[in-house]
Amino acid sequence: MATPPRRFREFVEFLTEFVSELNRQAKDENAAVLVEGKRDRDALVRLGYTGRVLTRVSLHSQRGFALGGIQRVVILTDLDQEGRRLAGRYAAMLAKRDVEVSLVERSRLLRASHGTFLHVENLSRFAPAVPEILNMTSSG
């Protein structure tokens, strides 16, 4: 079933603001986003995210969790049951290492998607619409 045009536009507007907020956090709060894999990372980049992205693999490959000065990690695992389990596991692991963790953004994304999208990588389908929304909001 196709997404109704109004809901599609509202979700793209949400994503535009959401990614802008992630970019602000990356710059102002030295935050990074943790996703499950490369395709999730690529989807965020296609949506315009310019900050540091950690994946499960990159996180585990860094000995002793040397996060390069990152003070805050936004966890954006998939919105399904497995992603929820992983989010909790990574939140606990990072908190033990005195890294501030945020799951708020994951909850916001879940609410905004109305359960339509469970996998972060699928958000890349909205990437072509983001510049259009940015142009409309900056000119209006």
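Structure notes:
- Of all the numbered requirements in (1) closer than 18 Å to GLU121 by Cβ; (2) surrounded by 13 or more Cβ atoms within 10 Å (Cβ to Cβ); (3) of a type in the set (Val, Ile, Thr); (4) free of Cβ contacts under 8 Å to residues at least 60 places away in the same chain, VAL19 misses one, and that requirement is (4).
- Per-region count, the range 1-44, residues closer than 21 Å to GLY69 by Cα and β-branched (Val, Ile, Thr): 2
- Listed by first and then second residue, the pairs linking a residue in the range 69-93 that is on the phi > 0 side of the Ramachandran plot to a residue that is outside any helix (DSSP H, G or I), with Cβ atoms under 7 Å apart and 6 or more places separating them unless they lie on different chains, are GLY69/ASN30.
- Residue within the range 88-99 that is closer than 19 Å to PHE126 by Cα and exposed (fewer than 15 other Cβ atoms within 10 Å of the Cβ) present: no
- Checking the range 48-55 against the condition returns a match, with at least one residue being touching a Pro at 6+ places or on another chain (Cβ under 9 Å) and under 20 Å from ALA129 (Cα atoms).
- Checked against the criteria, GLY48 does not count as surrounded by fewer than 19 Cβ atoms within 10 Å (Cβ to Cβ), more than 12 Å from the chain's Cα centre (by Cα) and modelled with pLDDT under 95.
- Among residues of the range 37-53 that are within 18 Å of SER20 (Cβ to Cβ) and among the aromatic types (Phe, Trp, Tyr), those with a beta-carbon under 9 Å from a residue that is assigned to a strand (DSSP E or B) and modelled with pLDDT of 95 or more at least six positions away or on a different chain give the pairs TYR49/VAL33.
- The range 54-74 - residue that is among the basic types (Lys, Arg) and modelled with pLDDT of 75 or more and, of those, surrounded by the most Cβ atoms within 10 Å (Cβ to Cβ): ARG72
- Among (1) among the acidic types (Asp, Glu); (2) at pLDDT below 90; (3) closer than 30 Å to PRO4 by Cβ - the single one ASP98 does not satisfy: (3)
- Screening THR77 on (1) closer than 30 Å to ARG6 by Cα; (2) at pLDDT below 95; (3) among the hydroxyl-bearing types (Ser, Thr, Tyr) shows it passes everything except condition (2).
The values are calculated or read from the model by the stated rules, or taken from the named source; none is laboratory data. Just so you know, these numbers come straight off a predicted model, no measurement behind them. Because the Cβ atoms are built from the backbone with ideal geometry, glycine has one as well, and the counts that use them run over all protein chains shown.
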